[in-house]
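A short write-up of the structure that comes next.
The values are calculated or read from the model by the stated rules, or taken from the named source; none is laboratory data. Please read these numbers as outputs of a predicted model, since none were measured by experiment. Glycine gets a Cβ as well: all are built from the backbone with ideal geometry, and neighbour counts include every protein chain shown.
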Amino acid sequence: MKQLYYVIRTLLRGRGSNIIKVISLGLGLTMSILLFSRVAFEQSYDTCYKNYDDLYQIYSIFSAEGEQFEPQKQNCGPVAGAILENFPKEVESATSIAYFVSSPLYNGSVRIDARKILADSLFFKTMGIEVLSGNPEKDLMQNDVIFLSDDLAQKIYGGENPIGKVISYNKELQLTVKGTYVDLPENATMRPEAVISMPTAWSRGWGNYSWRGGDSYYEYIRFRPGADKEIVNARLDAMIQKYRPEEDKKAYGYTAFVKPIRDVYRDEDQVKRMDSIMSILALAILFIASLNYVLISISSLTYRAKAVGVHKCSGASGGTVFSMFLLETGIIIALALVLMGLILLNFQEFIEDTTAAKLSVLFAPDRIWVPLVVVLVLFIVGGILPGRLFARIPVSQVFRRYTEGKK
């Protein structure tokens, strides 16, 4: 208790420099934590799906006239189903989805703008998305069926049960709501608010669902737990050639491979480049803020040396002095965190626009380790380095005369 009393007295005595410390650390912590949290958010993409390590996305590679094009996420429609059929020991389920349903939904005369996709009956099983009501493996095999996310269902129908309700697509098609599912978080590359059955498109001739072009489908497969995933990539080209028409083989080349969905977003060049920039900037800011604190602390050595000597004359050990300085650093960091909280609260809208993510998402429980690690690093650097220096001050310092110099 006496240590806390002496620490508070020391802080009050040097309140001018301590205010500078709090402001410096508060700004440094705010920026570095926001940047590190954004990087962690980017790296957490597509981890919201159940057993996401078994979920893979299909990529297609086309070639023509001896030139091979870059891998693309759009595939010929039947690829996923063919993989499921040809690799039953390795693949548990597969799905194809399409995005060419951009027109709005209508509940009566009320327009509803929502993200929509077309999907087959194995969509929810393959992706590992929790279904709250309905039987998608049966219902999505029918024409004019739609599943709604829980939030969208609440938005349209309030507390009413949406099952059996009819909703219009572009005031042209009448879609029956057959089920609801859990909303996907912001760190998912695919976040549909409504899923329309694929037969709805097939029955009207929308799109080209065949091996002859029509590369408009995003496709995914789910491996069985413990399956050898390399087998599929090794044999996939031979499987595709088995299905392709001979005349198409002469015109252009086509093959495919599968990639873990966990790596799809974070392996994009733009994402890797931005994550590198933000990480370097966050480290630099944290390093500057930490050394700022250390240097301000060391600059007070001349007038605090005698106080340390007095403590040691009174029986305090080097460990006691060290713990007092750590306690002082902890209080300063706590005040800096309060300042950080005020900054986030007062500039929330600006920060969310700048980071392109809500603060509630950046500081979600599964990413709370990011600010904790940043604070811990700051505490270690800012507390231990000058703390050891002050703890080593000898008792004889009380009896020495010295003058303060800029060096």
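Scanning the stretch 250-268 for residues that are basic (Lys, Arg) and assigned to a helix (DSSP H, G or I), we see that the one that is nearest to GLU230 (Cα to Cα) is ARG262.
In the stretch 45-56, of all residues being surrounded by 18 or more Cβ atoms within 10 Å (Cβ to Cβ) and in contact with a helix residue (DSSP H, G or I) (Cβ under 7 Å, 6 or more places away or on another chain), the one that is nearest to PRO371 (Cα to Cα) corresponds to ASP46.
Checked against the criterion of being more than 32 Å from the chain's Cα centre (by Cα), over 19 Å from ALA119 (Cβ atoms), in a loop (DSSP other than H, G, I, E, B) and hydrophobic (A, V, I, L, M, F, W, C), the stretch 203-213 has at least one qualifying residue. The set of residues from the stretch 183-212 being exposed (fewer than 14 other Cβ atoms within 10 Å of the Cβ) and small (Gly, Ala, Ser) comprises SER203, GLY205, SER210.
The residue list GLY387, GLY383, GLY341 contains one member that is surrounded by 17 or more Cβ atoms within 10 Å (Cβ to Cβ) and modelled with pLDDT of 75 or more, which is GLY383.
Checked against (1) in contact with a Leu (Cβ under 8 Å, 6 or more places away or on another chain); (2) farther than 30 Å from ARG212 by Cα, TYR99 passes all but condition (2). Farther than 23 Å from PHE123 by Cβ and either outside the structural domain of ALA94 (by TED's automatic domain parsing) or touching a helix residue (DSSP H, G or I) at 6+ places or on another chain (Cβ under 9 Å) (or both): is that true of LEU286 in this structure? The answer is yes for LEU286. Please verify whether GLY226 is out of contact with any Ser or Thr (no Cβ under 9 Å at 6 or more places or on another chain), surrounded by fewer than 17 Cβ atoms within 10 Å (Cβ to Cβ), in contact (Cβ under 8 Å) with a residue 40 or more places away in the chain and on the phi > 0 side of the Ramachandran plot, treating the condition exactly as stated. Criteria not met by GLY226. So in the stretch 1-44, with the set limited to residues that are outside any helix (DSSP H, G or I) and at pLDDT below 90, which one is surrounded by the fewest Cβ atoms within 10 Å (Cβ to Cβ)? Among them, the one singled out is MET1.
Residues that are within 28 Å of the chain's Cα centre (by Cα) and either assigned to a helix (DSSP H, G or I) or of a type in the set (Lys, Arg) (or both): does the stretch 160-175 have at least one? No, because not a single residue in the stretch 160-175 is within 28 Å of the chain's Cα centre (by Cα) and either assigned to a helix (DSSP H, G or I) or of a type in the set (Lys, Arg) (or both).
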